[in-house]
């Protein structure tokens, strides 16, 4: 069920989580450039939307002071800032303490999705884009409506002639349903969290609920039997976010189609060592 973007298909696709969070500031142009240079198949990233309806790449709805620095007293919520106001924040000067190998890149700004597309075009890479809409039923004030969010993504993908290389993913399936109505050919991925309070759903059930052809469970929940059933149903399985060889081995044994990792370079090297790439 491998998804490909023009390159010879590896047995297991490598998705660089937030670009390459283990080595560079997350969701940044330096992270995406690094991941491309390492031979990643897909750039995984998160989307927020500014006050002036610009799609920007950020995991958090508001600026995270752990690694983003802005003007004193500045607004922190992305949806309440224009792109120009968001540009005043530096999200690369402070290395993320959770990733000891991460290199700080001072002056790193939150990029617009268009800038990521431009970067990839300049490299000549045929890399894919696994784009997550960060949206929640509980906090509608932080995003446009699901329909508008999907519309903005589709407009930009079409403008750049990249619709065939984009995967739209989300934990909140409303944007997936909206995209399916707007562009039935757009590939969709259903993200599945690990929460004790949730009833376990099989990967096939997840696909039916979301309408997605790609299912992305948290890596520790993956079971070989469910992966086999998903494949039988014509689905692609791409777990998140596995960073250690022991985790990769489990996913390889389960015969997943792709792996989302914070350290795509290490994963690529590991797969090559196993003869899987």
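The values are calculated or read from the model by the stated rules, or taken from the named source; none is laboratory data. None of these values were measured; they are calculated from a predicted model. Virtual Cβ from ideal backbone geometry, glycine too; neighbours counted across all protein chains shown.
The rows are residues; the columns are (1) modelled with pLDDT under 95; (2) crowded, with 17+ Cβ neighbours inside 10 Å.
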residue: 32; (1), (2): no, yes
residue: 74; (1), (2): yes, no
residue: 80; (1), (2): no, no
residue: 89; (1), (2): no, yes
residue: 97; (1), (2): yes, no
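Just to check your reading of the model, which residue among 191, 267, 271, 176 is assigned to a helix (DSSP H, G or I) and either within 26 Å of residue 151 (Cα to Cα) or touching a helix residue (DSSP H, G or I) at 6+ places or on another chain (Cβ under 6 Å) (or both)? Residue meeting the stated conditions: 176. One residue stands out among those in region 128-146 that are surrounded by 21 or more Cβ atoms within 10 Å (Cβ to Cβ) and farther than 16 Å from residue 56 by Cβ: the one that is nearest to the chain's Cα centre (by Cα), which is 130. Within region 128-148, the residues that satisfy the criterion of being free of Cβ contacts under 8 Å to residues at least 12 places away in the same chain and assigned to a loop (DSSP other than H, G, I, E, B) are 138, 145.
Residues that are at negative phi, touching a helix residue (DSSP H, G or I) at 6+ places or on another chain (Cβ under 9 Å) and part of a loop (DSSP other than H, G, I, E, B) occur at least once in region 73-81. Only one entry in 183, 226, 209 is at negative phi, out of contact with any helix residue (DSSP H, G or I) (no Cβ under 8 Å at 6 or more places or on another chain) and modelled with pLDDT of 95 or more, namely 209. For residue 260, indicate whether it is in contact with a helix residue (DSSP H, G or I) (Cβ under 9 Å, 6 or more places away or on another chain) and loosely packed, with under 14 Cβ neighbours inside 10 Å. Against the criterion (in contact with a helix residue (DSSP H, G or I) (Cβ under 9 Å, 6 or more places away or on another chain) and loosely packed, with under 14 Cβ neighbours inside 10 Å), residue 260 does not qualify.
Conditions tested, residue by residue: (1) outside any loop (DSSP other than H, G, I, E, B); (2) under 27 Å from residue 251 (Cβ atoms); (3) touching a helix residue (DSSP H, G or I) at 6+ places or on another chain (Cβ under 9 Å).
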{"site": "21", "(1), (2), (3)": "no, yes, yes"}
{"site": "34", "(1), (2), (3)": "yes, yes, yes"}
{"site": "43", "(1), (2), (3)": "yes, yes, yes"}
{"site": "46", "(1), (2), (3)": "yes, yes, no"}
{"site": "52", "(1), (2), (3)": "no, no, yes"}
{"site": "94", "(1), (2), (3)": "no, no, no"}
{"site": "105", "(1), (2), (3)": "no, no, yes"}
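Taking the residues in region 149-165 that are part of a loop (DSSP other than H, G, I, E, B) and out of contact with any strand residue (DSSP E or B) (no Cβ under 8 Å at 6 or more places or on another chain) as candidates, determine which candidate is farthest from residue 118 (Cα to Cα). Filtering first and then ranking leaves 161.
Just a yes or no: is a residue in region 248-255 part of a strand (DSSP E or B), at pLDDT 95 or above and closer than 14 Å to residue 274 by Cβ? No, because not a single residue in region 248-255 is part of a strand (DSSP E or B), at pLDDT 95 or above and closer than 14 Å to residue 274 by Cβ.
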